[in-house]
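Quick notes on the structure that follows.
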Amino acid sequence: MEPATFVLFGATGDLAKRKIYPALYQLYIDQKLPSSFSFIGLGRRELTHTSFQANVEKSLLTFSRSDVKDAVRIKKFLNSFQYHVLDVDRKEDYTKLLKLVEDREAELNIMPNRMFYLSVGPEFFETIATNIHESGLGSASGWKRLVIEKPFGHDLESARQLNHTLNQAFDESDIYRIDHYLGKPMVQQMGQLLQSTLTEQDLRTRTIASVQISAIETLGVEERAGYYDHAGAIRDMFQNHMLQLLMMLTIEFPKRSSADEVVNLKSKIMKSLMPLNKIDVTQHVVRGQYASGVIKEEQVVGYTDEAGIALGSHNDTFIAARLRVDDPFWKDTPIYIRTGKRLKEKVTRIVIEFTSEGPVKDLLTIEIGPDEGITFLKSRSDLAFSDVETSLRSQLSFTKKEVNVKDAYETLIHDALLGDKTYFAHWNEVELSWEWVQPILDAYQDNLIPLHIYPAGTYGPQEANELLMKDGFHWWFDNRNASDNDATKGEFNIYEYTN
Ligand SMILES: NC(=O)C1=CN([C@@H]2O[C@H](COP(=O)(O)OP(=O)(O)OC[C@H]3O[C@@H](n4cnc5c(N)ncnc54)[C@H](OP(=O)(O)O)[C@@H]3O)[C@@H](O)[C@H]2O)C=CC1
Ligand SMILES: O=C1O[C@H](COP(=O)(O)O)[C@@H](O)[C@H](O)[C@H]1O
């Protein structure tokens, strides 16, 4: 790997502490950092190099998954770390930064390869990119890369504006848009895993009755009210992570795609997504917000009672949607997506239901987190219908996620250092995602779609179940028990098929 300087804007922030430093440290332990590596952390806070290094050390001791955490190794790792004060709006700070970076490159005798990682609020993205350009920081003879966190825009127009500004300073080929779901091991290995679970013949000829993609969480809005109350589930999860999961899955059928094809195929899928218009959104989308309830035996408050949330906020904390991909392979298959906060369990899972005779179904389940696994469940015709789901559940063989599983940030930062953009979001697909989502945002804005209130600790509003029941499906594996507010008892919720 080529020598490089890693410049981190937002070095004193939460994401840096919880994700970026532990990832860099793990890469160091695994000998996956460049042999000559220089790190410059930036923030407004006045810190000496030593106190900054002590903060990073604290974050490693708290968040690193590595079992190598001895003071000597950490100290050696931190030797390449420096901290400098920079206010994003002060042009002179970039001039100073250029001098620092150049001095460090000269000291280490390394090529001016520079990675600029923006771990700051999105309101700063354009200012920083412009200042990197105008200060000359981005004009050296080595490579330059911009790693940018989400959210990438607030809607279609603002995303286009942001991209336009970034393109004045960086080519698309140099922009690495992080979507941490693309760094998850199960997402990256999806094609390979599908191939080892299904035969080529299965992939080509099996008919898929429906697909369900769920990313449900028990967490609420936490400390992020200021951001979340303006974003909602649709911008926080759906426009990016959920649509990326849909793209990553659908490009693997009917034939496996290679890394080179990924970017083109993803855009192709997004272009084939049947568009909604603001008026018919109600038929395809369910919007929800959590009320108070019980999660894991703990009483939690409703969304509008959370600290920092606007009084009477209409923000969405749940979305379920039915999508259709209008291409020859997918055109007859509804794809259901749901995501939300303060739900009954934490799980990210894809379920592919194959067309099969009788009530017993053939399912392929891909468990993405926190457990990981892929299982093809063969139908069993000797079972009574009510036993089916319980039986299927017992056939699942997911690997319990161990503490020491690779974090998405390790993979993504490593890829960015190598210049491999396969698992970063390309502008084409980001723009197409916003285009698809925009009518929903408009419908929300104009209140054309009801906001269904659901009790915390459930699987969201009943309307999200009805969305599937209308088509003769149900969400697989929702584990409803006596603590749910509905009357269903027993381990799993089995719905009657209506057709
Ligand atoms: N935290 C998370 O779990 C996730 C965060 N993200 C994204 O990552 C980015 C960073 O988030 P997070 O770390 O949580 O945010 P924090 O608020 O914790 O940190 C913000 C950072 O920006 C710096 N900063 C703020 N204002 C300025 C300024 N005027 N000039 C220079 N630096 C400034 C702060 O430094 P100082 O206070 O020293 O000035 C701090 O280091 C955001 O885009 C967020 O959306 C994405 C996914 C998850
Ligand atoms: O990006 C985000 O993702 C997390 C969920 O990520 P996961 O890896 O734990 O599934 C979500 O909680 C957060 O609101 C969102 O910003």
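The values are calculated or read from the model by the stated rules, or taken from the named source; none is laboratory data. It should be emphasised that the depicted structure is a prediction, and the values quoted were computed from it without experimental measurement. Neighbour counts are summed over all protein chains in view; Cβ atoms, including those assigned to glycine, are modelled from backbone coordinates with ideal geometry. These accessible areas exclude ligands, DNA and RNA; they are computed on the full protein's heavy atoms, side chains included. Shrake-Rupley method; radii C 1.70, N 1.55, O 1.52, S 1.80 Å.
Odds and ends about this structure:
- Selection status of residue 241, in contact (Cβ under 8 Å) with a residue 12 or more places away in the chain, within 25 Å of residue 431 (Cα to Cα) and open to solvent by 50 Å² or more (accessible area, probe 1.4 Å): no
- Whether a residue is within 11 Å of ligand 1 (Cβ to nearest atom), under 30 Å from residue 155 (Cβ atoms) and aliphatic (A, V, I, L, M) was assessed, and residue 47 does not pass this test.
Residues checked against (1) open to solvent by less than 40 Å² (accessible area, probe 1.4 Å); (2) more than 15 Å from ligand 2 (Cβ to nearest atom):
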site: 152; (1), (2): yes, no
site: 160; (1), (2): no, yes
site: 170; (1), (2): yes, yes
site: 182; (1), (2): yes, no
site: 187; (1), (2): yes, no
site: 190; (1), (2): yes, yes
site: 198; (1), (2): yes, yes
site: 201; (1), (2): no, yes
site: 223; (1), (2): no, no
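- Any hit, the stretch 300-319, residues being part of a strand (DSSP E or B) and open to solvent by 60 Å² or more (accessible area, probe 1.4 Å): no
- The residue that is nearest to ligand 1 (Cβ to nearest atom), among those in the stretch 113-145 that are crowded, with 17+ Cβ neighbours inside 10 Å and at pLDDT below 95, is 122.
- Helices (runs of 4 or more DSSP H) contained in the stretch 178-252 and holding at least 1 residues within 26 Å of residue 442 (Cα to Cα): 225-233, 243-250
- Looking only at the stretch 274-319, and only at residues there that are β-branched (Val, Ile, Thr) and under 17 Å from residue 236 (Cα atoms), the one that is farthest from the chain's Cα centre (by Cα): 309
- Yes/no for residue 220 being within 28 Å of residue 465 (Cα to Cα), small (Gly, Ala, Ser) and more than 13 Å from ligand 1 (Cβ to nearest atom): yes
- Candidate set from the stretch 87-112 (those that are touching a residue at least 40 places away in the same chain (Cβ under 8 Å) and within 9 Å of ligand 1 (Cβ to nearest atom)); member that is surrounded by the most Cβ atoms within 10 Å (Cβ to Cβ): 88
- Candidates 402, 389 - the one that is buried (at least 21 other Cβ atoms within 10 Å of the Cβ), at pLDDT below 85 and over 16 Å from the mean Cα position of the chain (by Cα): 389
- Filter result for residue 26 (more than 23 Å from residue 411 (Cα to Cα) and open to solvent by less than 70 Å² (accessible area, probe 1.4 Å)): no
- When residue 278 is tested against (1) surrounded by fewer than 19 Cβ atoms within 10 Å (Cβ to Cβ); (2) outside any strand (DSSP E or B); (3) touching a strand residue (DSSP E or B) at 6+ places or on another chain (Cβ under 9 Å), only condition (3) is not met.
- Take the conditions (1) in contact (Cβ under 8 Å) with a residue 60 or more places away in the chain; (2) within 16 Å of ligand 1 (Cβ to nearest atom); (3) within 29 Å of residue 464 (Cβ to Cβ); residue 176 misses just one of them, which is (3).
- Residue within the stretch 405-417 that is touching a residue at least 60 places away in the same chain (Cβ under 8 Å), assigned to a helix (DSSP H, G or I) and open to solvent by 40 Å² or more (accessible area, probe 1.4 Å) present: no
- Hits in the stretch 244-264 (condition: surrounded by 15 or more Cβ atoms within 10 Å (Cβ to Cβ) and within 17 Å of residue 333 (Cβ to Cβ)): 245, 246, 247, 248, 249, 250, 251, 252, 253
- Taking residues in the stretch 1-26 that are within 12 Å of ligand 1 (Cβ to nearest atom), and partners anywhere that are acidic (Asp, Glu) and open to solvent by 10 Å² or more (accessible area, probe 1.4 Å), the pairs with Cβ atoms closer than 8 Å and at least 6 places apart or on different chains are 15/149; 19/407.
- Residue that is within 26 Å of residue 122 (Cβ to Cβ), within 16 Å of ligand 2 (Cβ to nearest atom) and among the aromatic types (Phe, Trp, Tyr), where the choices are 63, 9: 63
- Output for the stretch 226-238, where each listed residue is away from ligand 2 (no atom under 11 Å from the Cβ) and open to solvent by less than 10 Å² (accessible area, probe 1.4 Å): 234
- Some residue of the stretch 106-127 being farther than 22 Å from residue 48 by Cα, of a type in the set (S, T, N, Q), away from ligand 2 (no atom under 16 Å from the Cβ) and not in a helix (DSSP H, G or I): yes
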